1. Does segment 238-249 contain any residue that is of a type in the set (D, E) and assigned by TED's automatic domain parsing to the domain that holds V78?
2. Select from segment 285-319 the residues that are part of a loop (DSSP other than H, G, I, E, B), among the polar types (S, T, N, Q) and farther than 15 Å from N275 by Cα and list them in ascending order.
3. Do you know which residues across segment 379-395 are of a type in the set (S, T, N, Q), within 14 Å of L342 (Cβ to Cβ) and in a loop (DSSP other than H, G, I, E, B)?
4. Need a quick list: strands (runs of 3 or more DSSP E) entirely within segment 25-131 having at least 1 residues that are touching a Gly at 6+ places or on another chain (Cβ under 6 Å).
5. Could you pull out the residue among N292, N320 that is assigned by TED's automatic domain parsing to the domain that holds N237, touching a strand residue (DSSP E or B) at 6+ places or on another chain (Cβ under 8 Å) and more than 17 Å from V242 (Cα to Cα)?
6. Determine which single condition A336 fails, assuming it passes every other condition in (1) farther than 20 Å from N246 by Cα; (2) small (G, A, S); (3) under 29 Å from the mean Cα position of the chain (by Cα); (4) modelled with pLDDT under 95.
7. Keeping to segment 345-356, report how many residues are assigned to a loop (DSSP other than H, G, I, E, B) and buried (at least 17 other Cβ atoms within 10 Å of the Cβ).
8. Mind checking which pairs have a first residue in segment 334-358 that is assigned by TED's automatic domain parsing to the domain that holds R282 and a second that is of a type in the set (D, E) and in a loop (DSSP other than H, G, I, E, B), Cβ under 6 Å, 6 or more apart or different chains?
Amino acid sequence: MQRHKLIWSLLLVLPVVTTYLLHRGDAQTERPGLPGARPDIDASQYPTLQAALDALPASGGVVRLPAGIFKIQQPLIVRHGDVLIQGAGAATHIININEQGTPAIRIQHDDGKQVKKADRLWRVMLSNFRITGNQKSGHGIEALFIEEIFLQGVTVSHHGGDGIRLDHCYEDPRISDCLITYNSGVGLNLLGCHDIVVAANQFEENQDAVHCQDGFNLCMTGNCVDDHLQHGVVIENTYGSVLSGNMIEECQATAVIMDRDCYGNTVSANVIAHNGQGVDLRDAHGCTVSANTFTIMGEDALRVGPASGRITITGNNFSNSYVGEDTVKRGAADLAAAGITLEGTRDLVISGNVFASVKPKAVATQGKPSQRVLFGNNLLRDVTSDHSQTVDSLETSTLSDKP
C-alpha cells in the first residue's frame with residue numbers, strides 16, 4: 001500500500017517539477033537583446049542583391065554580401081545613409097554585364113541631383129568585394145552628394161567609364177586600400193570634394209589614375225600609380241593639397257598636372273619614374289615641389305609654365321639610371337633623363353637640388369625669359385644648364401663639374 005502511495009505521489013509531482021525546470025531553462029536562455037541593435041542583412045537570403053539593399057531601413061544598417069559571382073544588368077542602388085555593405089573579399093565578385101553605359105553601383109538619395117542639402121545621405125561604406133564591368137558599361141561606383149563616404153578594400157576594374165566617381169561628395173571622402181585597374185576612364189574621379197583622403201591604393205592601366213577638380217584639401221599619400229595610358233594625377237582648381245610618398249611610374253603622358261588656378265599645394269617625397277613627363281605646373285601659384293626623386297624621365301621632369309609662379313623647388317633629385325663606376329642600369333634605347341623646364345615663369349626658388357646626367361639641360365628655358373629666379377646651393381654633375389639666362393635673378397653657391 002505504501003509503495004502505491006509513493007508511486008502516485010511521484011506521478012503527481014513529476015509534471016510540476018518538469019514544468020519548473022523547463023521554465024527555468026527558458027528564463028536563462030531568453031536574455032534581453034542589446035537595445036538599439038539592428039540585425040545584419042544576409043544577402044544570401046534574398047532573391048537578388050538589390051532586394052537585400054532594399055531591405056535596409058531608412059535608419060541604415062549592414063548588408064553582408066556572400067562569396068559568389070553575381071551578374072547584374074541594372075545598377076545596384078544604395079538609397080540610405082549610415083550603411084555598411086561588406087563582402088567576402090575577392091570571393092564576392094559583382095559583374096556588370098550592362099552595355100548601355102550604366103554604372104554597377106550608384107549611391108544617391110532618391111532625389112538625385114535635386115536633393116536638398118539637409119537631406120543628403122551621410123556615412124556610406126563599401127568594403128571588401130570585387131566589382132568589374134566591360135568596355136560598354138558605365139562607371140564602377142558612382143556616388144552623388146554623399147557625405148563622409150568611405151571605400152576600403154574594394155577592387156574596381158574593367159569598367160567602360162571611371163572606376164570610382166565621387167560627384168560632390170563634399171565632406172570627408174576616404175578611399176583606402178583599394179585596387180583600381182583597367183578602367184576606360186579615370187581610376188578615381190573626384191568632383192567638387194573637400195578634405196579628401198586617398199591612401200594606400202593601387203592604380204594601374206586606367207586612362208588616368210586620379211582627377212581632383214574644383215576641390216579642397218586633397219591628401220594623397222602612399223599610393224602606387226603605374227602604367228597609365230595617359231596621365232597620373234590631374235589636379236585642377238584645387239588648393240591646400242598634398243601629394244606625398246607616392247610611387248608614380250610609366251604614365252605615357254604626364255605624372256602630375258596642376259592647372260586652373262591651383263594654389264597652396266605641395267608635391268613632396270614622391271618617386272616619379274620613367275613617365276613621359278613629370279610634374280607640369282600649368283597654372284599653379286604658391287606651391288612647393290620638394291624632396292622628390294625624378295628618374296629616367298622622358299622629358300620635362302618638372303615644367304613651370306607661363307601661367308605659374310611663386311614656386312619653391314627644393315631638395316629634389318633629377319637623375320638617370322647611373323649606379324656607380326661609370327655604369328648606367330638602362331639600355332641604350334632607354335637613356336632619357338630630364339631636368340627642369342622654365343617657360344616664361346616668374347618668382348621661383350630653385351635650391352638644394354641635384355642634377356646629374358640629365359638632358360637636354362639641368363634647367364632649360366623656353367619662350368619669354370623667366371624672371372626673378374633664385375638659383376642657389378644646387379649640385380650640377382655631367383649637365384649643362386640655362387639657369388643663368390633668366391632675368392632679374394640671382395645665382396649663389398652652385399657646385400658644378402663644368403666651368
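1. We begin by selecting, within segment 238-249, every residue of a type in the set (D, E); these are 249.
Now restrict to residues that are assigned by TED's automatic domain parsing to the domain that holds V78: none.
For segment 238-249, residues of a type in the set (D, E) and assigned by TED's automatic domain parsing to the domain that holds V78: absent.
2. First, the residues of segment 285-319 that are part of a loop (DSSP other than H, G, I, E, B): 286-287, 291-292, 296-301, 305-308, 315-316.
With among the polar types (S, T, N, Q) added as a condition, the list becomes 292, 308, 316.
Within segment 285-319, S308, N316 qualify.
3. Step one: filter segment 379-395 for residues of a type in the set (S, T, N, Q), giving 384-385, 388-390, 393.
Those left that are additionally within 14 Å of L342 (Cβ to Cβ): 385, 388-390, 393.
If the condition is that a residue be of a type in the set (S, T, N, Q), within 14 Å of L342 (Cβ to Cβ) and in a loop (DSSP other than H, G, I, E, B), then S385, T390, S393 are the ones that fit.
4. Numbers: elements: 61-64, 68-72, 76-78, 83-86, 92-96, 105-107, 124-127.
Filter on segment 25-131 gives 83-86, 92-96, 124-127.
5. Numbers: N292 fails: more than 17 Å from V242 (Cα to Cα).
Selected residue: N320, the only one of N292, N320 that is assigned by TED's automatic domain parsing to the domain that holds N237, touching a strand residue (DSSP E or B) at 6+ places or on another chain (Cβ under 8 Å) and more than 17 Å from V242 (Cα to Cα).
6. (3)
7. We begin by selecting, within segment 345-356, every residue assigned to a loop (DSSP other than H, G, I, E, B); these are 345, 352-353.
Still in the running and buried (at least 17 other Cβ atoms within 10 Å of the Cβ): 345, 353.
Number satisfying all stated conditions: 2.
8. As it stands, the answer is A338/E299; A338/D300; T341/D300; S357/D382, since those pairs meet every condition given.
The values are calculated or read from the model by the stated rules, or taken from the named source; none is laboratory data. None of the values given here were measured: they were computed from a predicted structure. Positions of Cβ are backbone-derived with ideal geometry, glycine not excepted, and every protein chain shown enters the neighbour counts.
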